[in-house]
Amino acid sequence: MILRLLRFLRLLFATGFFTGYIPFAPATFACLISVAVWYCLISFKIFYLVISIGLFAAGIFLSDQLSKTMGKDPRQIVIDEYACLLLPLFFTPLKIIPLAITFVLFRLFDIVKPPPLRQLEKLPGGWGIMLDDLGAAVYTMVVVIVLQAFIRFK
């Protein structure tokens with residue numbers, strides 16, 4: 001019974017509450033989890049950071065475990081997207097336009113995978129699944145911070 005519950009929870013978090021099974025754009029839908037976490041927790045910075053780091057660490061472990069049975073970087077595993085998007089969202093003002101810019105940039109960097117993100121994806125197991133998305137998050141974060149230096153979001 002306990003083992004079954006643990007398997008269910010592992011699949012629940014790794015697949016982004018089963019958004020990973022949506023037949024089109026599962027990673028994009030999973031990123032909406034990040035938006036909900038950001039909106040609810042951004043006022044509690046320390047708690048937000050603890051959740052972000054915890055999700056990233058869980059992502060390495062869960063994606064590593066599940067990739068052994070589901071194959072290398074299966075599309076159903078989306079914890080990499082929703083855990084990593086939390087990083088640039090941390091630097092995003094609580095407004096719709098900056099949110100949209102951050103969201104689109106992250107998805108763009110994650111899909112296009114500019115260097116060296118494609119190489120990071122080749123790392124074994126959970127590290128390869130998570131680190132290319134962390135790289136996309138870092139690229140997004142840099143662009144968001146630079147944009148904020150030049151644009152005042154009101």
Quiz prompt | Candidate set from region 109-119 (those that are part of a helix (DSSP H, G or I) and of a type in the set (D, E, K, R)); member that is nearest to Arg10 (Cα to Cα) | solution = Asp110
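Report whether or not Ile53 is over 19 Å from Phe109 (Cα atoms) and in contact with a helix residue (DSSP H, G or I) (Cβ under 7 Å, 6 or more places away or on another chain).
Details: over 19 Å from Phe109 (Cα atoms): yes; in contact with a helix residue (DSSP H, G or I) (Cβ under 7 Å, 6 or more places away or on another chain): no.
In short, no.
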Quiz item: Does Asp133 satisfy the condition of being touching a residue at least 60 places away in the same chain (Cβ under 8 Å), out of contact with any strand residue (DSSP E or B) (no Cβ under 6 Å at 6 or more places or on another chain) and part of a helix (DSSP H, G or I)?
Solution: no
Exercise. Tell me, yes or no, whether region 27-50 has at least one residue that is at pLDDT 95 or above and within 20 Å of Gly125 (Cα to Cα).
Key: yes
Quiz item: Has region 79-96 got at least one residue that is farther than 25 Å from Tyr39 by Cβ and not aliphatic (A, V, I, L, M)?
Solution: no
Quiz item: Residues in region 121-136: is at least one closer than 13 Å to Leu86 by Cα, surrounded by 15 or more Cβ atoms within 10 Å (Cβ to Cβ), among the acidic types (Asp, Glu) and touching an Asp or Glu at 6+ places or on another chain (Cβ under 6 Å)?
Solution: yes
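The values are calculated or read from the model by the stated rules, or taken from the named source; none is laboratory data. Everything quoted here is computed from the prediction, not taken from an experiment. Don't worry about glycine lacking a Cβ; one is built from the backbone with ideal geometry, like all the others, and counts go over all protein chains shown.
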